[in-house]
1. Has the stretch 200-208 got any residue that is crowded, with 22+ Cβ neighbours inside 10 Å and within 13 Å of the chain's Cα centre (by Cα)?
2. Return yes when Q102 is surrounded by fewer than 21 Cβ atoms within 10 Å (Cβ to Cβ) and either touching a Gly at 6+ places or on another chain (Cβ under 9 Å) or within 13 Å of G174 (Cβ to Cβ) (or both) and no when it is not.
3. Is it the case, given these coordinates, that A200 is under 26 Å from L145 (Cα atoms) and in a helix (DSSP H, G or I)?
4. For the stretch 170-228, enumerate the residues that are closer than 30 Å to E120 by Cα, in contact (Cβ under 8 Å) with a residue 12 or more places away in the chain and among the acidic types (D, E).
5. Is it fair to say I98 is of a type in the set (A, V, I, L, M) and either under 17 Å from I154 (Cα atoms) or modelled with pLDDT of 75 or more (or both)?
6. Restricting attention to the stretch 211-228, which residues are touching a Ser or Thr at 6+ places or on another chain (Cβ under 9 Å) and in a helix (DSSP H, G or I)?
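The values are calculated or read from the model by the stated rules, or taken from the named source; none is laboratory data. On a predicted model such as this, the values are computed, not experimentally measured, just so you know. We place every Cβ from the backbone using ideal geometry, glycine too, and count neighbours over all the protein chains shown.
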Amino acid sequence: MKKSASLFSMTSAGQPSATKSGDDANNKNKVQSATAGANASNNPPTLNSIDLVLDPPKPTLVTYSTLMSRAVSLGKPRVALRLWNLMKNQPNFYSNVISRRQREDGSRSVEKREGELLKELRQEEGAIVPDVIFCNTLMNAYAKLGEHAAARSILDAMLGPGTRRDVRPARHEGIPPTSPTAVTYNTLADACKAAGELGAALEVPELMTARAEATGDGGMLPDARTYTILISAVARKKKTKWRPQSGSVSPSFGPKRSRPLVILSSRTVSRVPRVETRGGSDARAGR
């Protein structure tokens, strides 16, 4: 009886240790599985090259803005304009999305529906809707080419209906109504300066003042950058106007003269032929 009792006590004493070791193993497995799940959620699997080929990421507005700004800074504004045309042909460009949705919903007013869709597309992540930064970059590309009319048409498109010119070139139909900044007007003044249009450049401060009064934004008033561009435009216009031509008279910046002043050099005077008399002596001999 004592032997059997001791065996029973040994068996009962060994069961809790075996159970405890089994629980520790289960807890360890649970901790490992939880850690693996956390690592999987924090570190998503890396895309393979085949995934990038089959499903490449789509370029966004920031992508095109960065490329166009870089092209302009490198002196290649026409490359920036090609990128602009490429962006307009994307299926997720806002005007293309609006056209598709308008065809699907033709019962409502087109203008009302377009305004509502534009607000919705500005909130969507995949839609490409030009903002003021992009418009300034595009205008800067035209400024480098001296196309001030195209730059002005971008401003008119940003201001929307009711501006001086509602009819805009076809290449700027993709510009949505956007609030311009002082940088926008300064870029327009720079485009006028590059084109040699002094009169159009002098209109920019008036446009900025009118915009500041309409919006109540003092930041739209002409700043130091605006007047620096205007001074440069005036200086360039004066330099172009009074540039001397080869063989012409020297310019006079004083009061107007009845006859132009001809400057003769010493070489020109030395080439004047002597006036001889009939007897072969010069003019001084006849005195």
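1. no
2. Considered against the rule, which asks whether it is surrounded by fewer than 21 Cβ atoms within 10 Å (Cβ to Cβ) and either touching a Gly at 6+ places or on another chain (Cβ under 9 Å) or within 13 Å of G174 (Cβ to Cβ) (or both), Q102 comes out as no.
3. Here the answer is yes, as A200 does meet what is asked.
4. Correct list: E173 only.
5. Spelling it out, I98 is indeed of a type in the set (A, V, I, L, M) and either under 17 Å from I154 (Cα atoms) or modelled with pLDDT of 75 or more (or both).
6. Hits for the stretch 211-228 are T215, G219, M220.
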